Amino acid sequence: MQVAPTFVSPDDLYLYNTGQLFRAYRTFGAHSMEAGGTRGVRFVLWAPHAQEVFAVGDFCDWSSSDRTRAVALEPVGTTGVWAGFGPGLSDGVRYKYEIADANGERRLKSDPFAFRSELRPNTASVVSPLDGYDWQDREWQQRKKQNPPYGRPMLIYEVHLASWRMDAPEQFRDYAALADELVDYVCEMGYTHIEVLPLAEHPLDRSWGYQATGYYSATSRYGPPEGLKKLVDSAHRRGIGVLLDWVCGHFCKDDHGLRRFDGSPLYEHADYRRAEKPLWGTLAFDFGKPQVLSFLISNALFWMDVYHIDGLRVDAVASMIDLNFDKPDSMKTVNRYGGTEDVEALNFLRRLNEIVFRYYPEALMMAEDSSSYPAVTSPTYLGGLGFNYKWNMGWMNDMLRYMETDPARRSARHSLITFSLHYAFSENYVLPLSHDEVVHGKRSLLNKMPGAYEEKFSNLRLFYGYWMTHPGKKLLFMGGEFGQYDEWKDDAGLDWDLLRYPLHDGMRKYAADLNRLYVREPALWENDHSPDGFEWIDVNNADQSMLSFQRNGKSRHRSVVVACNFSRTAYSVYRIGVTGAGTYRLLLNSDIADYGGSGVFVPEYAEAHRIPMHGKPYSIEIPVPALCVLLWPSETASPEAG
């Protein structure tokens, strides 16, 4: 057998143990290679408290008792790293690590750096190559570098791959099939990005991937790794970005996973009060360990390097940065300064973003953060966390509370739909209507809406229109685009049969038209993160539950006027102030019959007259149907200051 230090360079050992080996997956894990003229597999593992480590599998009946066939790993100095070589082994071999802890107790563990895992309920790691796929997305990669995301439209379709389409329980579409079906659908509907719920290997289907065991293994539920590469490649060749929901705050406790990996708290904190996540029954990573930083930051780059993922939605940031997030008093702790912020987690997030943007300046790094922690999307050199986007959970909560209110009582809650503009430009925001809002008894978006069946659709179309024209990038969970009536069922496919019914099919047509309108109207996205991009026309009309405002692009000659009627009252004549003279052409009416609306006539054109209104020198007079949103861009370029 080869001497272990041959397989790990001193530089890699130093960088790994100081939290700076940012592509640790190239060193650690199981790699097919040639050593001394013999083909085999190199195994490298971090297990500093182990007495012995063996790679075992079918080749030795899953036991180290046969020392002639089990692969013994040797310690590499005193670094805590073990390495060994299995001659004759090759890609496709199943394996685990048999680890003898400090007390001599033996346990079988999956490889933290495994690049493929067995299909659950089996838990072995599988030797798998990282390369060999012929990527065809060069044009996409080049275009990404030339067009930063801030000034581009962003419409994200959030997908749980298992339940997007399902023929029968646990009969999932595989990655290769989704490369055609899902990508075709996303293109047809006009989305710009797909965001996939976590794909790291996980033992329980109903965790949706949020409790992982195989951080470097694309889950085998949907086929081999090559299938995922095909899915991403297919999306890129059609001009669609792919984002991955990434869980770096905690991991599940299953015995084959990271918990007490070498018999001691290794990836988790030694203090159970810091380690335990009682809300989810998981364990938090110990962000104070440099080896954990190498592991996690390498994992972020791994998905971008190997699978060409365009960005990460970082899950549960609020739970990471607050030591006492959802913990009982008996588990509460303070940091070294006496506060409750997790200083190590904050430092990790800053370092994560610095390294990702060093190698991928065009990446999307999105914080799913429900806290009020400041400067989440500010650069780290200015004291921020360094993300380029943050989910606007406040907007989402306020809007859902408002839309769930019966229209007759909305006037008393008018501030819920206007308050977000007080802080809309304090961060770079994504406006999420995500899976979290349509599960666990919360009801679907459609079923949250008040009123009779037809009125629910009117409310939802109105809501989507306001969402699409509000500053911020957009995210919608699958099914919302056609008015899924039942809340999300993670163990069954979406209710595609609903498209046989006119109201649901009309909702899908509306969502597609709204998406395409958004993408082609720069005023709706060019200045998403600047106050110059938004201007109230009439913000205070609570009595009529009416809102009107203007979205401005970089050229003020092409603005879009938006009128939203959140009441049940239709207005045959309604006057709205506008800045410029000229003709205004109706871009969108959410109430047309094709969408399932009432079909009340709204003229295609409105002429602006010099009749001051809402502090503007001109105004247009239009009818406004009940529970409706109307969009009017200026047809001619003649803005005036007053």
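Between 35, 70, 102, which is in contact with a Phe, Trp or Tyr (Cβ under 7 Å, 6 or more places away or on another chain) and surrounded by fewer than 18 Cβ atoms within 10 Å (Cβ to Cβ)?
35
Residues to consider are 236, 269; find the one that is surrounded by 20 or more Cβ atoms within 10 Å (Cβ to Cβ), of a type outside the set (Val, Ile, Thr) and farther than 20 Å from residue 132 by Cβ.
Exactly one of 236, 269 is surrounded by 20 or more Cβ atoms within 10 Å (Cβ to Cβ), of a type outside the set (Val, Ile, Thr) and farther than 20 Å from residue 132 by Cβ, namely 269.
Filter the stretch 153-178 down to the residues that are under 16 Å from residue 209 (Cα atoms) and of a type in the set (Gly, Ala, Ser) and list them by number.
162, 163, listed by residue number.
Going through 388, 397, 392 one at a time, which residue ends up being without any contact (Cβ under 8 Å) to a residue 40 or more places away in the chain, over 26 Å from residue 570 (Cα atoms) and either open to solvent by 10 Å² or more (accessible area, probe 1.4 Å) or not charged (D, E, K, R) (or both)?
Only one candidate passes the filter, namely 397.
How many residues are touching a residue at least 12 places away in the same chain (Cβ under 8 Å) and open to solvent by 50 Å² or more (accessible area, probe 1.4 Å) when one looks only at the stretch 362-373?
Residues that pass the stated criteria total 1.
Can you tell me how many residues within the stretch 597-622 are within 30 Å of residue 504 (Cβ to Cβ) and part of a loop (DSSP other than H, G, I, E, B)?
8
Which count do you get for residues in the stretch 184-196 that are surrounded by 22 or more Cβ atoms within 10 Å (Cβ to Cβ) and more than 19 Å from residue 514 (Cβ to Cβ)?
1
Which of the residues that make up the stretch 422-460 are in a helix (DSSP H, G or I) and touching a Phe, Trp or Tyr at 6+ places or on another chain (Cβ under 7 Å)?
The answer is 435, 438, 446, 447.
If a residue must be aliphatic (A, V, I, L, M) and open to solvent by less than 20 Å² (accessible area, probe 1.4 Å), how many such residues does the stretch 495-513 contain?
3
In the stretch 150-183, which residue that is in contact with a helix residue (DSSP H, G or I) (Cβ under 8 Å, 6 or more places away or on another chain) and surrounded by fewer than 16 Cβ atoms within 10 Å (Cβ to Cβ) is farthest from residue 488 (Cα to Cα)?
180
Any chance you could count how many residues in the stretch 212-233 are more than 21 Å from the chain's Cα centre (by Cα) and crowded, with 20+ Cβ neighbours inside 10 Å?
Selection size over the stretch 212-233: 1.
I'm trying to understand the selection: among the residues of the stretch 601-616, which are out of contact with any Asp or Glu (no Cβ under 6 Å at 6 or more places or on another chain) and surrounded by 15 or more Cβ atoms within 10 Å (Cβ to Cβ)?
602, 606, 608, 613, 616
Can you tell me how many residues within the stretch 264-288 are assigned to a loop (DSSP other than H, G, I, E, B) and in contact with a Leu (Cβ under 6 Å, 6 or more places away or on another chain)?
Of the residues in the stretch 264-288, 1 are assigned to a loop (DSSP other than H, G, I, E, B) and in contact with a Leu (Cβ under 6 Å, 6 or more places away or on another chain).
Would you say residue 140 is farther than 26 Å from residue 48 by Cβ and either open to solvent by less than 50 Å² (accessible area, probe 1.4 Å) or at pLDDT below 95 (or both)?
yes
Just give me the residues in the stretch 546-564 being more than 22 Å from residue 515 (Cβ to Cβ) and part of a strand (DSSP E or B), in sequence order.
546, 548, listed by residue number.
Can you say whether residue 411 is polar (S, T, N, Q), touching a residue at least 12 places away in the same chain (Cβ under 8 Å) and open to solvent by 20 Å² or more (accessible area, probe 1.4 Å), as far as the supplied structure shows?
The answer is yes for residue 411.
Looking only at the stretch 82-135, which residues are touching a residue at least 60 places away in the same chain (Cβ under 8 Å), touching a Lys or Arg at 6+ places or on another chain (Cβ under 8 Å) and among the acidic types (Asp, Glu)?
Across the stretch 82-135, the qualifying residues are 101, 111, 118.
Quick one: is residue 295 open to solvent by less than 20 Å² (accessible area, probe 1.4 Å) and out of contact with any helix residue (DSSP H, G or I) (no Cβ under 8 Å at 6 or more places or on another chain)?
So residue 295 does not fit the description; no.
Given 210, 185, 216, 150, which one is of a type in the set (Phe, Trp, Tyr) and at pLDDT below 95?
After applying the criteria, what remains is 150.
What is the one condition in (1) of a type in the set (A, V, I, L, M); (2) open to solvent by 40 Å² or more (accessible area, probe 1.4 Å); (3) in contact with a strand residue (DSSP E or B) (Cβ under 6 Å, 6 or more places away or on another chain) that residue 433 does not satisfy?
Here residue 433 clears every test but (2).
Can you list the strands (runs of 3 or more DSSP E) found entirely within the stretch 66-171 that contain at least 2 residues being of a type in the set (Lys, Arg)?
Answer list for the stretch 66-171: 94-100, 106-109.
Suppose the filter is in contact with a Gly (Cβ under 6 Å, 6 or more places away or on another chain) and closer than 18 Å to residue 93 by Cβ; does residue 41 pass it?
Considered against the rule, which asks whether it is in contact with a Gly (Cβ under 6 Å, 6 or more places away or on another chain) and closer than 18 Å to residue 93 by Cβ, residue 41 comes out as yes.
With (1) surrounded by fewer than 18 Cβ atoms within 10 Å (Cβ to Cβ); (2) touching a residue at least 60 places away in the same chain (Cβ under 8 Å) as the list, and residue 307 as the residue in question, which single condition is left unmet?
(1)
Only one of (1) surrounded by fewer than 19 Cβ atoms within 10 Å (Cβ to Cβ); (2) in a helix (DSSP H, G or I); (3) touching a strand residue (DSSP E or B) at 6+ places or on another chain (Cβ under 6 Å) fails for residue 523. Which number is that?
Unmet for residue 523, out of (1) surrounded by fewer than 19 Cβ atoms within 10 Å (Cβ to Cβ); (2) in a helix (DSSP H, G or I); (3) touching a strand residue (DSSP E or B) at 6+ places or on another chain (Cβ under 6 Å): (1).
Determine which single condition residue 201 fails, assuming it passes every other condition in (1) among the acidic types (Asp, Glu); (2) within 16 Å of residue 491 (Cα to Cα); (3) out of contact with any helix residue (DSSP H, G or I) (no Cβ under 6 Å at 6 or more places or on another chain).
Single failed check for residue 201: (2).
Scanning for something over 24 Å from residue 418 (Cβ atoms), within 32 Å of the chain's Cα centre (by Cα) and polar (S, T, N, Q), does the stretch 570-577 turn up at least one residue?
No; the residues of the stretch 570-577 include none that is over 24 Å from residue 418 (Cβ atoms), within 32 Å of the chain's Cα centre (by Cα) and polar (S, T, N, Q).
Filtering the stretch 311-361 down to residues that are under 19 Å from the mean Cα position of the chain (by Cα) and not in a helix (DSSP H, G or I), which residue is surrounded by the fewest Cβ atoms within 10 Å (Cβ to Cβ)?
361
Can you tell me how many residues within the stretch 75-88 are within 10 Å of residue 43 (Cα to Cα) and either more than 38 Å from the chain's Cα centre (by Cα) or of a type in the set (A, V, I, L, M, F, W, C) (or both)?
So the answer is 4.
Given the criteria open to solvent by less than 70 Å² (accessible area, probe 1.4 Å) and touching a helix residue (DSSP H, G or I) at 6+ places or on another chain (Cβ under 9 Å), does residue 41 qualify?
No: the conditions fail for residue 41.
The values are calculated or read from the model by the stated rules, or taken from the named source; none is laboratory data. Values in this document were obtained by computation on a predicted structure and should not be read as measured data. All Cβ positions, even for glycine, are placed from backbone atoms using ideal geometry, and neighbour counts span all protein chains on display. Ligands, DNA and RNA are excluded from the accessible area calculation, which covers all protein heavy atoms including side chains. Shrake-Rupley method; radii C 1.70, N 1.55, O 1.52, S 1.80 Å.
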